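Presented below is the structure to which this report refers.
The values are calculated or read from the model by the stated rules, or taken from the named source; none is laboratory data. Since the model is a prediction, treat every value here as computed from it, not as a measurement. Counting neighbours? That spans all protein chains shown, and the Cβs are built from the backbone with ideal geometry, glycine included. When the accessible area is computed, the model is the full protein with side chains, heavy atoms only, and any ligands, DNA or RNA have been set aside. Shrake-Rupley method; radii C 1.70, N 1.55, O 1.52, S 1.80 Å.
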Amino acid sequence: MSAAPSNYDPEKNLNLEDSDGNNNEPKRAWTTRFVDSFKRDPNAHVLKSTQETTNPRNPRDFDHLAAAERTANSGLATKLKGRHLQMIAIGGSIGTGLFVTSGAALSTGGPASLVIAFIIIGILMFCTVQALGELAVLFPVSGSFSAYSTRFLDPAWGFAMGWNYAIQWLVVLPLEIVAASITLSFWPGANDTNKAAWVTIFLVVIVAINFFGVRGYGEAEFVFAIIKVTAVIGFIILGIILNCGGGPNGGYIGGRYWKTNNVPPDYAGYLMGQAPGSIRSGAFNSGFKGLCSVFVTAAFSFAGTELVGLAAAESANPRRTLPTAIKQVFWRICLFYIVALTIVSLLVPYGDDRLLGDSSEDAKASPFVIAINNAGISGLPSVMNVVILIAVLSVGNSSVYGSSRTLTALAEQGQAPRIFAYIDRKGRPLVSIIAASLLGLLCYVVAGGQGDANTALNWLYSLSGLSSIFTWGSICLAHIRFRSAWKKQGHTLDELAFRSQVGVIGSWVGFILNCLVLVAQFWTAAWPIGYGTYTASGIAQNFFLAYLAAPVVILFYIPYKIYYRTPFMRTKNMDLQTGRREIDTPALIEAEREEKMRLPKWKRIYKIFC
């Protein structure tokens, strides 16, 4: 790192003294300070690595040592607190995947497939986040996902994973803004308003939040997560009451809808156009292929969980706050996904046509809203719809954060245009935020009601379809390779501030499950349910809409690999020092362990899980 100017205050990121040593702060206008905050941070420049300056090589050779150094010293603001990370971990990925798309999964695979798939993907996610937690606590570096692939796997794969993740979030922003406008159509008054007005409001709000920096993102997600978590817990309690016959319409339900064709003729679904007694029910629908289809939907529902690792680079003390946040993921998986969806599966049969909806963002297709409507509770569906709207905006907020930080990390590693590495005096990756925000303008194309534009955005969305699967698999594999290098270079596990609770075995389980999801997605994409009724062009279109991300990743990886001749990282050559925030980590770890041993027994047990 280059030395900061003598008159530079790192706390306020502003020059407080003039050349004569006089304090100018009281004289400066607020507007001047505001404008200056967008200037490049003079303390965010990183010196070239020794290898770059003393041993010039072929410019096509990728210098992974310099890349590691830059991501470790990015200049991003470190203002996220423990409560921010905990709520990002607990509620960060609760969105339309849980509230809306789970209905389509229930319709496709049946209640048993829904619960089984989410349990299996929950195990995958738990193993992945544990591996990510160990890496992120030890190396809280900018753009952690691609940086870990670059450092421990292959720089070319890191390049592919970085752009894969950036594209995933870049295309999500306009789609989530449009989803928010569709969600508003639940209310007749809002439906009569031009959607362009709503998307303008949502876009301005999301962009404004991110221009407040990482603290703005953290505070917004803290509030959003509290609302979402409260809503899910409230629904679980309500669902148990309704299942036991405590709703206005009464009647004990139990496990009736898990039995084949056991829906009573007075089921509320017939009011939506289905004939009384015609609604199908049962534990499974479409057999094993239906289960495989739900695997993919479940994986998409967990997308965003890994953001807690990306936020580690902007946490004030990741060594203390990140482990607690990582442990919270287990409870979110169990409580907010498994328990909530089990109750949903008891309240809504898979044959209800309302589950299909007009689009994946249609709030009327939410099984949560359908269950409340069936119970005859007036007013509450609107409350649930507000929660869905907040969840959609939360995902849009995360999309700007995730894409901007990933673009910045890619630029710092020399894998994207250097301008994206611009970080201002408030620690914001300014150019990357602007680029992500500008892509959000695509939402106006859909707001105009153009059918061709909808088709174009569907193809854009397909780019992000498998992005999370590739990201999670890479995290698990990077952790496996890191542990191998850690042992080979003479380190012990006692030196790690946080260890994955499932260890290397858990990472192997997570990696294998990610591979199986890719196989299941390929099968259901190439041979969809009812593929005999598809035309050849229909099957081809269905395949690429579901699997487009895979060839895109390959197109990023192979040319980069060939041009830069990047090596597969060997354990003896892996850099295990750059980016470690505390020099005396062993002493700190030992002090923390002694402190923990002095805690009451009940609290020590509590700390294991939370």
R0 of 22 Å, Cβ-Cβ distance Ile240-Ser278: FRET efficiency to nearest 0.05: 0.20
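What is the gain in length, in nm to one decimal, between Phe544 and Lys259 on full extension, counting 0.36 nm per residue of separation less the C-alpha to C-alpha distance?
Working: separation 285, 0.36 × 285 = 102.60 nm, distance 3.56 nm.
Gain on stretching Phe544 to Lys259: 99.0 nm.
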Per residue value of the accessible surface for region 71-579 (all protein chains in place, 1.4 Å probe), Å²: 35 Å²
Rounded to the nearest 10 Å², the accessible area of Ile434 at probe 1.4 Å: 70 Å²
Cα lying deepest toward the dipole's positive end in region 71-579, options Leu439, Ala485, Met87, charges on Cβ: Ala485
Asp266/Met597 FRET efficiency (R0 56 Å; Cβ-Cβ; nearest 0.05): 0.35
Net lengthening on full extension, Val223/Arg570 (0.36 nm per residue, minus Cα-Cα): 120.5 nm
Of Lys488/Lys561; Lys228/Lys561; Lys195/Lys259; Lys81/Lys596, pairs whose Cα-Cα distance is over 31 Å: Lys228/Lys561; Lys195/Lys259
Inter-label distance, nm, simple model (7 Å from Cα along the C-beta direction), Cys515/Ile233: 4.0 nm
Kirkwood Rh in Å, taken over all unlike Cα pairs in region 291-333: 11.9 Å
Accessible-area composition of region 71-579, carbon plus sulfur, in percent [1.4 Å probe]: 66 percent
Cut-off under 5 Å, modelled amide H: who pairs with Ser315 long-range: Leu80
Over region 500-588, equivalent-ellipsoid semi-axes from the Cα gyration tensor in Å: 40, 20, 10
Gap separating the Cα centres of region 85-158 and region 500-564, nearest whole Å: 16 Å
Pairs of alpha carbons in region 71-579 whose separation is greater than 40 Å (percent): 19 percent
